[in-house]
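First comes the structure, then the notes that go with it.
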Amino acid sequence: MKKIAIIMGSTSDLPVVEKAVDTLKDFGVPYEVRVMSAHRTPEAAREFALKARENGFGAMICAAGMAAHLAGAFAANTTLPVIGIPVKGSTFDGLDALLSTVQMPSGMPVATVAINGAANAALLAIQMLAITDEDLAAKLDAQRKANTEKIYAADEEVRNKY
Ligand code: RP5
């Protein structure tokens, strides 16, 4: 199975990124977690992106806050799918990172999830791998069913209570 790269701009992004790691773990999808910055370590980020396909990755998740160029910098150097997680910082409620991540120019797509949307980033990466992996697709179906059951149970609980 292809690996998923999870890259964050700083270890201060870890509390957000951990939800993506947990989700990939739950689905048994192999991953590598790295800290690289579009601004502080641009050479390392470029090198990693250039070699990602030959190194066995199928998609990459890039999490960054503030002037969040990480996902875009990776997209510039690979044709693997890049998923961006805008991380909420101490100012602007994460809107700065959201706009920096989502507003890519034509020809350089970054699939941007919600601010701090790490679980969805991982699920999207899993869905990409599941295009050609039926076992993974079955696990996604099972998770959807379990989530639906949880909502039915919550609905019943609320109806009974009120
Ligand atoms: C971004 O700047 C990082 O992704 C992080 O969200 C933000 C702040 O980084 P630190 O100053 O906490 O290292 O590049």
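The values are calculated or read from the model by the stated rules, or taken from the named source; none is laboratory data. Keep in mind that what you see is a predicted model, and the values were worked out from it rather than measured. Virtual Cβ from ideal backbone geometry, glycine too; neighbours counted across all protein chains shown.
When ILE115, ILE61 are checked against the criterion of being under 26 Å from ALA138 (Cβ atoms) and among the β-branched types (Val, Ile, Thr), ILE61 stands alone in meeting it.
Every residue in the range 83-108 that is buried (at least 24 other Cβ atoms within 10 Å of the Cβ) and touching a Gly at 6+ places or on another chain (Cβ under 8 Å), please. Listed by number, the residues that qualify are GLY84, ILE85, PRO86, VAL87, ALA97, THR101.
Residue count for the range 19-47 under the criterion of being surrounded by fewer than 17 Cβ atoms within 10 Å (Cβ to Cβ), in a helix (DSSP H, G or I) and within 14 Å of the ligand (Cβ to nearest atom): the result is 2. Would a scan of the range 71-79 turn up a residue that is closer than 30 Å to ASP135 by Cα and aromatic (Phe, Trp, Tyr)? Yes, some residue in the range 71-79 is closer than 30 Å to ASP135 by Cα and aromatic (Phe, Trp, Tyr). Here PRO15 passes the criteria (1) out of contact with any Leu (no Cβ under 8 Å at 6 or more places or on another chain); (2) in a loop (DSSP other than H, G, I, E, B) except the one numbered (2).
Are any of the residues in the range 81-94 at positive phi, within 15 Å of the ligand (Cβ to nearest atom) and charged (D, E, K, R)? Scanning the range 81-94, I find at least one residue that is at positive phi, within 15 Å of the ligand (Cβ to nearest atom) and charged (D, E, K, R), so the answer is yes. Candidates are the residues of the range 1-12 that are in a strand (DSSP E or B) and either of a type outside the set (A, V, I, L, M) or more than 15 Å from THR78 (Cβ to Cβ) (or both); the one that is farthest from the ligand (Cβ to nearest atom) is LYS3.
Would you check if PHE48 is farther than 17 Å from PRO109 by Cα and out of contact with any Asp or Glu (no Cβ under 8 Å at 6 or more places or on another chain)? Here the answer is yes, as PHE48 does meet what is asked.
Quick check on ALA97: is it small (Gly, Ala, Ser) and more than 23 Å from ARG53 (Cα to Cα)? In short, yes. It is to be established whether one or more residues within the range 22-33 are touching a Gly at 6+ places or on another chain (Cβ under 6 Å) and closer than 28 Å to ALA130 by Cβ. No, there is no match, as no residue in the range 22-33 is touching a Gly at 6+ places or on another chain (Cβ under 6 Å) and closer than 28 Å to ALA130 by Cβ. Across the range 114-139, the qualifying residues are those that are within 15 Å of ILE4 (Cβ to Cβ) and without any contact (Cβ under 8 Å) to a residue 24 or more places away in the chain, and the one among them that is surrounded by the fewest Cβ atoms within 10 Å (Cβ to Cβ) is ILE131.
What do you reckon, is LEU50 away from the ligand (no atom under 16 Å from the Cβ), in the same structural domain as PHE92 (by TED's automatic domain parsing), of a type in the set (A, V, I, L, M) and surrounded by fewer than 16 Cβ atoms within 10 Å (Cβ to Cβ)? For LEU50, the condition - away from the ligand (no atom under 16 Å from the Cβ), in the same structural domain as PHE92 (by TED's automatic domain parsing), of a type in the set (A, V, I, L, M) and surrounded by fewer than 16 Cβ atoms within 10 Å (Cβ to Cβ) - is met.
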